[in-house]
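The values are calculated or read from the model by the stated rules, or taken from the named source; none is laboratory data. This structure is a prediction, so every number in the text was calculated from the model and none was measured. Positions of Cβ are backbone-derived with ideal geometry, glycine not excepted, and every protein chain shown enters the neighbour counts. The accessibility values were calculated without ligands, DNA or RNA, using every heavy atom of the protein model including side chains. Shrake-Rupley method; radii C 1.70, N 1.55, O 1.52, S 1.80 Å.
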Amino acid sequence: MPVIEVERLNVWMQAGDGRIIHAVKNANLSLGNGGQLAIIGESGSGKSTLLMALLGLLPPNASVSGRVVVNGVDVLEGPEAALAGLRWREVAMVFQASSNPLSPVHMIGQQLTRLLVFHGFDPKRAKARMRELLDMVRLPTACEQLYPHQLSGGMRQRVVIAFALACRPKILLADEPTTALDPIVQAEIIELILALRQSLDLALVLVSHDLALVGRMQGDLAVMLAGEIVEYGPVNQLMTKPTHEHLRTLLAALPDFGLVEEPA
Ligand SMILES: Nc1ncnc2c1ncn2[C@@H]1O[C@H](COP(=O)(O)OP(=O)(O)O)[C@@H](O)[C@H]1O
Ligand SMILES: [Mg+2]
């Protein structure tokens, strides 16, 4: 049974000037337990709006139609209590590096322990779990005694991933988790996310505007353009045989993926 099912999802946003923007157009997606889906598309193509719809976190100026079922919960129709049980416990989200949720005035270990206690962890066990989480994201134990500003951008993003995994979610949504990081660090963070997906058997939705970063993933790829999913299928198949002009253009811009033109 899929853990994420999106059927004919439409999202309209009312802009400040009264214009209506059709941010997501008739989207259909499905992701199985432990599966992985990369979503790519240029800025403004509707990627974040689609992810927010999965968590039932669309802003008040949004109107929506269609069906979104996540881990058995009808996100658009279901009661708020069911949604609250879903968020962070079953589905966690990592946002882009520049918008990290860390408090500047508390040490990393303290913040993570506090989060665990907030989510119902026994305070005596929370510290051990905090260390386990830092270890999972491959940060040295010494980091627990540091403040966010004492970490590099990549290390901070590892902490953010540790936060997301605190409640042992089944599904991880990552919205451009490496934007604003150096290229080498970007690749390391993606590699970490993919390794964690495998070891924790997470279902993963990874959003990026960078095809070079996600083009080597397993699983499915959805390409968004102006709110529409214009291409959707197994990554390896689409990377070699794109059907839509937009993906062909994106691929042509990647030095490593130079498309071999098939004879007409
Ligand atoms: N809160 C909002 N209010 C009004 N318009 C929005 C809001 N969020 C996004 N949009 C619009 O919806 C479209 C899709 O945006 P978004 O989902 O953020 O794209 P992406 O994540 O692919 O860059 C854009 O035209 C954007 O301007
Ligand atoms: Mg976005």
**Complete:** Of the residues in the range 108-156, those that are closer than 18 Å to residue 188 by Cβ and either touching a strand residue (DSSP E or B) at 6+ places or on another chain (Cβ under 6 Å) or of a type in the set (Asp, Glu) (or both) come to 135
**Request:** Identify, from the list 76, 133, 55, 86, the residue that is within 16 Å of ligand 2 (Cβ to nearest atom) and not hydroxyl-bearing (Ser, Thr, Tyr).
**Result:** 55
**Request:** Working only within the range 149-168, note down all residues that are open to solvent by 10 Å² or more (accessible area, probe 1.4 Å), in a loop (DSSP other than H, G, I, E, B) and within 23 Å of residue 31 (Cβ to Cβ).
**Result:** 167, 168
**Asked** Can you name every residue in the range 10-53 that is in a loop (DSSP other than H, G, I, E, B), in contact (Cβ under 8 Å) with a residue 12 or more places away in the chain and of a type in the set (D, E, K, R)?
**Response** 42
**Item:** Hits in the range 63-78 - residues which are at pLDDT 90 or above, under 26 Å from residue 163 (Cβ atoms) and not in a strand (DSSP E or B)
**Value:** 71, 72, 75
**Message:** residue 144 - would you say it is surrounded by fewer than 16 Cβ atoms within 10 Å (Cβ to Cβ) and part of a helix (DSSP H, G or I)?
**Reply:** no
**Request:** Could you identify the single residue in 74, 17 that is away from ligand 1 (no atom under 16 Å from the Cβ) and over 22 Å from residue 217 (Cβ atoms)?
**Result:** 74
**Item:** Lone unmet requirement of (1) under 23 Å from residue 25 (Cα atoms); (2) among the charged types (D, E, K, R); (3) in contact (Cβ under 8 Å) with a residue 60 or more places away in the chain for residue 89
**Value:** (1)
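Conditions tested, residue by residue: (1) more than 15 Å from ligand 2 (Cβ to nearest atom); (2) surrounded by fewer than 18 Cβ atoms within 10 Å (Cβ to Cβ); (3) within 20 Å of residue 51 (Cβ to Cβ).
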residue: 177; (1), (2), (3): no, no, yes
residue: 184; (1), (2), (3): yes, yes, no
residue: 188; (1), (2), (3): yes, yes, no
residue: 196; (1), (2), (3): yes, no, yes
residue: 207; (1), (2), (3): no, no, yes
residue: 213; (1), (2), (3): no, no, yes
residue: 225; (1), (2), (3): no, no, yes
residue: 235; (1), (2), (3): yes, no, yes
residue: 239; (1), (2), (3): yes, no, no
